[in-house]
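Trainee: Starting off with a structure, shown below.
The values are calculated or read from the model by the stated rules, or taken from the named source; none is laboratory data. Just so it is clear, the structure is predicted and the values come from calculations on it, not from any experiment. Don't worry about glycine lacking a Cβ; one is built from the backbone with ideal geometry, like all the others, and counts go over all protein chains shown. Calculation scope for accessible area: heavy atoms of the full protein, side chains included, ligands and nucleic acids excluded. Shrake-Rupley method; radii C 1.70, N 1.55, O 1.52, S 1.80 Å.
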Amino acid sequence: PKEDWHSPLRESALRRILAENLELLEPGLVPFNSDQGPEEFPAGVAGRIDLFCKDSAGNPVVIELKRDTPSDNVIGQLARYMGYVTEHHMKRGKIVRGMVVSHDVDEHLELALKAIPNVELKLYDVSIRLRSAQGKRRTAG
């Protein structure tokens, strides 16, 4: 049998998993607005930020999720969101950071990322673990 199975998640599933487990992205990461949560943060004409957080130093972190291998177009999208955050949510002495989370990467994106400061790429994998249901049966009723 094949030992490794790699398949991208639907973006909405990835967003939900990461929103509920921000520490997977970075220790100390919390929603930018704790009342609103991190998911699909409205950014005016820029659109909706997939996940909007702040790091342990209080810097805003814009996170763009991509289901498959993203093109370098994601850099323009991320820059637009980061620009919006710079205009509307920056505090003195803070730096807006960007993060692209994807299942894969291509050479174009790798080159584009080298030119943009304060932006990093994180790649995700999906794994499934099966366990025995012996003794775990539910009874109808």
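Trainee: Of (1) in a strand (DSSP E or B); (2) of a type in the set (Gly, Ala, Ser); (3) over 25 Å from Ile17 (Cβ atoms), Gly76 satisfies all except one. Which?
Mentor: (1)
Trainee: What number of residues in the stretch 73-89 are out of contact with any strand residue (DSSP E or B) (no Cβ under 7 Å at 6 or more places or on another chain) and open to solvent by 30 Å² or more (accessible area, probe 1.4 Å)?
Mentor: Going through the stretch 73-89 one residue at a time, the tally reaches 9.
Trainee: If you go through the stretch 12-31, how many residues are among the acidic types (Asp, Glu), closer than 16 Å to Leu121 by Cα and open to solvent by 50 Å² or more (accessible area, probe 1.4 Å)?
Mentor: 1
Trainee: Could you tell me whether any residue of the stretch 85-93 is closer than 28 Å to Val126 by Cβ and part of a loop (DSSP other than H, G, I, E, B)?
Mentor: no
Trainee: Name the residues in the stretch 26-37 that are at pLDDT 95 or above and either more than 15 Å from the chain's Cα centre (by Cα) or under 15 Å from Val101 (Cα atoms) (or both), would you?
Mentor: Glu26, Leu29, listed by residue number.
Trainee: Another question about this same structure. Return the pair list, or none, for Cβ contacts closer than 8 Å from residues in the stretch 1-26 that are more than 22 Å from Leu51 (Cα to Cα) to residues that are at pLDDT 65 or above and assigned to a loop (DSSP other than H, G, I, E, B), at least 6 apart or on different chains.
Mentor: Trp5/Val126; Trp5/Ser127; Trp5/Ile128; His6/His103; His6/Asp125; His6/Val126
Trainee: When you look at Ser34, is it under 26 Å from Ser12 (Cβ atoms), part of a loop (DSSP other than H, G, I, E, B) and open to solvent by 30 Å² or more (accessible area, probe 1.4 Å), yes or no?
Mentor: Yes.
Trainee: Among the residues of the stretch 74-108, which ones are over 16 Å from Val62 (Cβ atoms), within 19 Å of the chain's Cα centre (by Cα) and of a type outside the set (Asp, Glu)?
Mentor: His103, Val105
Trainee: Within the stretch 27-49, which residues are touching a strand residue (DSSP E or B) at 6+ places or on another chain (Cβ under 7 Å), in contact (Cβ under 8 Å) with a residue 40 or more places away in the chain and not aliphatic (A, V, I, L, M)?
Mentor: Phe32, the sole residue that qualifies.
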